[in-house]
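Inspection log for the structure reproduced underneath, given as structure tokens.
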Amino acid sequence: MAQKPTLPKGTRDFTPSEVVKRNYIFDVVKKHFTAFGFQPIETPSFENSETLMGKYGDEGDRLIFKILNSGDYLSKVDDATYAERDSNKLTPKISEKALRYDLTVPFARYVVMHQNELDFPFKRYQIQPVWRADRPQKGRFREFFQCDADVVGANSLLQEVELVQLYDAVFTDLGLTGVSIKLNNRKVLAGIAEVIGAKEHLIDFTVALDKLDKIGEEGVKKEMLEKGISEEAIVKAAPLFTMSGSNADQLLALKELLQDSEEGSKGAEELSFIVETLEDLGLQSATLKLDVTLARGLNYYTGAIFEVAAPEKVKLGSIGGGGRYDDLTGIFGLKDVSGVGISFGLDRIYLVLEELNLFPQAIDQSLDVLCVNFGDKEALAALKLVGKLRKMGVKADFYPATAKMQKQMKYANNRNVPYVVLIGEQELADNTFVVKDMAKGEQQTYSLDAPETFVKEL
């Protein structure tokens, strides 16, 4: 009995229509990457395990797909280690490689290995798949493309400003208005933890705070208590739970809250610079919003933190994010190289554009012209015409087998072909071809010696 074909959970096949739509997003993003001066690089789909492990926190490490060593991978495992059944001890002996979890850490590795070849500041973009052993759900997959833009070798906050502008330019070009670009700063979060007396609980404090929109104020307070954060500290943090108003209002409140923290005050000043500069420059369609509860990537972000939310009417998670990582390359031995970058969640952006019907109407039109097949002599004339049309930039094809006209026209309809070319016995005698407009149902005749006449009317 034949095996029923299946796909691994969290992965997908893509139809021609889906590939065309994905490529449309890629092309728009690449266009703006290039316009902003970013250069493309590519890195391997897998890295040495030591490159990836320990860079994303305990949760991230659990989501990294490990690759078993080739051959008899158990042969180098001693009986004592095998008998312990401790995966943490066993894994390094049977797996030396892992699929990349993101593009940021491989980029840091790339910069360190190629530092003598690069001109700093180095602006790179990278569009490649990544893999995470996550629980699949809507908009979350185990294999998906990431699209990153990073700048290393410059610590100017103007880079953060430019990355916000880049987000705005891409989403405006895609017609995706109403996007919110959330902004926070790790120094602000560290300062808050300091002033409320929970400095040693920074990660637990911020992880709980990040869930405010999901579990509410009481849920956050409960989680903080469970993590060992005192009630007194939680009371001091109370203003964060209800912080609202304009960016300027929130910045004033933050500066007052953080006045006794040098690190926190510095973070607030950095936020002020970014916000005020972008208010002066203006954005096309996106909205910049301060969000003091935003706490993504704290294991490696050191300054600004970004997260992009889809328009409110779309119930989907973030469609982008990033931040500054002043010491990421330091883990590979290259000190004092500042970096900042953002990522576009291309798969989720696709879902948003699909839900809001924002893809161009003709995007599924893979052919401009299809020549039907009436027989051997007619087919030869049709092939010659197809060749001429292709040289003129027309997407043209030919039905390869003789078949009933009804079947060939159905094929043309299924392919969303706007024009069908007919070359029958009479057209051969007259040295002409007939073009049928599939939308209007009208037909027009042209000379086979002058197909450019038809092309000009397309």
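The values are calculated or read from the model by the stated rules, or taken from the named source; none is laboratory data. Being a predicted model, the structure only gives us computed values, none of them experimental. Backbone-built Cβ (ideal geometry, glycine too); neighbour counts: all protein chains shown. Note: areas computed on protein heavy atoms with side chains; ligands, DNA, RNA excluded. Shrake-Rupley method; radii C 1.70, N 1.55, O 1.52, S 1.80 Å.
When the residues of segment 206-223 are narrowed to those that are surrounded by fewer than 17 Cβ atoms within 10 Å (Cβ to Cβ) and small (Gly, Ala, Ser), which ends up modelled with the lowest pLDDT? Restricting to residues being surrounded by fewer than 17 Cβ atoms within 10 Å (Cβ to Cβ) and small (Gly, Ala, Ser), the top hit is GLY216. If we keep just the residues of segment 292-306 that are farther than 11 Å from VAL188 by Cα and not in a strand (DSSP E or B), which is most open to solvent (accessible area, probe 1.4 Å)? Taking the candidates together, the pick is ASN299. In summary, LYS93 fulfils each of the numbered conditions (1) free of Cβ contacts under 8 Å to residues at least 60 places away in the same chain; (2) under 21 Å from LEU328 (Cβ atoms); (3) surrounded by 14 or more Cβ atoms within 10 Å (Cβ to Cβ) with the single exception of condition (2). All conditions in (1) crowded, with 19+ Cβ neighbours inside 10 Å; (2) on the phi > 0 side of the Ramachandran plot; (3) among the small types (Gly, Ala, Ser) hold for ALA382, with the sole exception of (2). Put simply, of ALA309, ALA286 the only residue that is small (Gly, Ala, Ser), over 22 Å from ALA154 (Cβ atoms) and open to solvent by less than 20 Å² (accessible area, probe 1.4 Å) is ALA286.
Only residues that are open to solvent by 100 Å² or more (accessible area, probe 1.4 Å) and either in contact with a strand residue (DSSP E or B) (Cβ under 9 Å, 6 or more places away or on another chain) or not in a helix (DSSP H, G or I) (or both) were counted across segment 440-456, and they come to 4.
Residue under question is GLY153, and the condition is that it be at positive phi and surrounded by 14 or more Cβ atoms within 10 Å (Cβ to Cβ); does it hold? Against the criterion (at positive phi and surrounded by 14 or more Cβ atoms within 10 Å (Cβ to Cβ)), GLY153 qualifies.
Restricting PHE433, PHE374, PHE398, PHE359 to residues that are closer than 30 Å to CYS147 by Cα, in contact (Cβ under 8 Å) with a residue 12 or more places away in the chain, surrounded by 13 or more Cβ atoms within 10 Å (Cβ to Cβ) and among the aromatic types (Phe, Trp, Tyr) narrows the list to PHE359. Of all the listed residues (TYR419, TYR325), the sole one being open to solvent by 50 Å² or more (accessible area, probe 1.4 Å), in contact (Cβ under 8 Å) with a residue 40 or more places away in the chain and among the aromatic types (Phe, Trp, Tyr) is TYR419. Looking at LEU118, is it touching a residue at least 40 places away in the same chain (Cβ under 8 Å) and among the hydrophobic types (A, V, I, L, M, F, W, C)? No; evaluated as a whole, the condition is false for this residue. Of everything listed in (1) at pLDDT 85 or above; (2) farther than 25 Å from GLY153 by Cα; (3) surrounded by 14 or more Cβ atoms within 10 Å (Cβ to Cβ), the single unmet condition for LEU68 is (3). Consider segment 236-252. How many of its residues are surrounded by fewer than 19 Cβ atoms within 10 Å (Cβ to Cβ), aliphatic (A, V, I, L, M) and either within 21 Å of LEU202 (Cβ to Cβ) or in contact with a Gly (Cβ under 6 Å, 6 or more places away or on another chain) (or both)? Count: 2. Tell me, please, whether a residue that is at negative phi and basic (Lys, Arg) can be found in segment 78-88. Scanning segment 78-88 turns up no residue that is at negative phi and basic (Lys, Arg). Counted as qualifying within segment 1-69 are the helices (runs of 4 or more DSSP H) with 3 or more residues that are out of contact with any Lys or Arg (no Cβ under 9 Å at 6 or more places or on another chain) and more than 20 Å from ASP148 (Cα to Cα), namely 16-35, 57-62. When restricted to residues that are open to solvent by less than 30 Å² (accessible area, probe 1.4 Å), in contact with an Asp or Glu (Cβ under 9 Å, 6 or more places away or on another chain) and closer than 11 Å to ARG100 by Cα, segment 43-62 contains 2.
Between GLY178, GLY191, the distinction of being surrounded by 15 or more Cβ atoms within 10 Å (Cβ to Cβ), assigned to a loop (DSSP other than H, G, I, E, B) and in contact (Cβ under 8 Å) with a residue 60 or more places away in the chain belongs to GLY178 only.
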